[in-house]
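Colleague: Here it is, the structure, as structure tokens.
The values are calculated or read from the model by the stated rules, or taken from the named source; none is laboratory data. Just so you know, these numbers come straight off a predicted model, no measurement behind them. Note: ideal-geometry Cβ built from the backbone for every residue, glycine included; neighbour counts use all protein chains shown. Ligands, DNA and RNA are excluded from the accessible area calculation, which covers all protein heavy atoms including side chains. Shrake-Rupley method; radii C 1.70, N 1.55, O 1.52, S 1.80 Å.
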Amino acid sequence: MAFDVAILSAPITDDLVKQGKLVAATRADIARSGAGLAVKRGAPKPDISTTEAFKRALLDAKSICYVEQGATGIYLKGLFERLGIAEQLKGKTKLLPPSNPAAHAVANGEAEIGMTQISEILPYAGAELVGPLPAEIQLSSVYPAAVGTGAKEPDAAKAFIKFLSAPAAIPVLKAKGLEPG
């Protein structure tokens, strides 16, 4: 399959560069997304300003959810183990399929708290971002772009990556819950 530009997660992009499917010299980090916590719009927002406050918020919640598969879900499972709260959360954790994102589940009342990438919370009007995970436990995902080695329009692809990396793109990225790469 031929393509001009790929925008993927960093591990996948780097693997495709190693396989010779993406041009290494064109790789540019476009955006970063941090993990955040969501509640139903209008619900009280728990304090998650520190790791201890985050732990308390999860332990005090009636129910929490996240998508089991994918980088964020895998990270959260390990985080709960490291924080020593995995056992206490088991009975109140709803593991979701990718077809039911955490913010969607929270908006529908399926769980009190949902955790996912901030950029995946903002599109749901019924969910509200409480904030990012505390810095010391934050998961930041990087999304680079690169030109495909079989690109039919490599110059246009390079120009597109340059456009996405330009200062003019920053307000759009921020509005979507992303930080510039």
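Colleague: In the range 87-106, how many are among the hydrophobic types (A, V, I, L, M, F, W, C) and open to solvent by 20 Å² or more (accessible area, probe 1.4 Å)?
Modeller: Residues flagged as among the hydrophobic types (A, V, I, L, M, F, W, C) and open to solvent by 20 Å² or more (accessible area, probe 1.4 Å) within the range 87-106 amount to 1.
Colleague: Suppose we filter Arg56, Arg82, Arg41 for residues that are open to solvent by 40 Å² or more (accessible area, probe 1.4 Å) and in contact with a strand residue (DSSP E or B) (Cβ under 7 Å, 6 or more places away or on another chain); which single one remains?
Modeller: Step by step, each of Arg56, Arg82, Arg41 is checked, and only Arg41 is open to solvent by 40 Å² or more (accessible area, probe 1.4 Å) and in contact with a strand residue (DSSP E or B) (Cβ under 7 Å, 6 or more places away or on another chain).
Colleague: Of (1) more than 14 Å from the chain's Cα centre (by Cα); (2) surrounded by 13 or more Cβ atoms within 10 Å (Cβ to Cβ); (3) at positive phi, Pro134 satisfies all except one. Which?
Modeller: The single condition Pro134 does not satisfy is (3).
Colleague: Take the residues in the range 119-153 that are among the β-branched types (Val, Ile, Thr) and in a strand (DSSP E or B); name whichever of them is nearest to Asp4 (Cα to Cα).
Modeller: Filtering first and then ranking leaves Val147.
Colleague: For Leu76, state whether it is surrounded by 15 or more Cβ atoms within 10 Å (Cβ to Cβ), at pLDDT 95 or above and under 25 Å from Asp155 (Cβ atoms).
Modeller: Against the criterion (surrounded by 15 or more Cβ atoms within 10 Å (Cβ to Cβ), at pLDDT 95 or above and under 25 Å from Asp155 (Cβ atoms)), Leu76 does not qualify.
Colleague: Something else: In the range 106-118, is there at least one residue being in contact with a Phe, Trp or Tyr (Cβ under 8 Å, 6 or more places away or on another chain), farther than 30 Å from Leu22 by Cβ and part of a helix (DSSP H, G or I)? Before the answer, list the steps.
Modeller: Applying the first criterion (in contact with a Phe, Trp or Tyr (Cβ under 8 Å, 6 or more places away or on another chain)) to the range 106-118 yields 106-107, 114-116.
Then drop every residue that is not farther than 30 Å from Leu22 by Cβ, which leaves 106-107, 114-115.
Retained after the next criterion (residues that are part of a helix (DSSP H, G or I)): 106-107.
So far as the range 106-118 goes, yes, one or more of its residues are in contact with a Phe, Trp or Tyr (Cβ under 8 Å, 6 or more places away or on another chain), farther than 30 Å from Leu22 by Cβ and part of a helix (DSSP H, G or I).
Colleague: Filter the range 50-90 for residues that are within 18 Å of Glu112 (Cα to Cα) and in a loop (DSSP other than H, G, I, E, B) and give the result.
Modeller: Ala61, Lys62, Ser63, Glu68, Ile85 - these are the residues of the range 50-90 that are within 18 Å of Glu112 (Cα to Cα) and in a loop (DSSP other than H, G, I, E, B).
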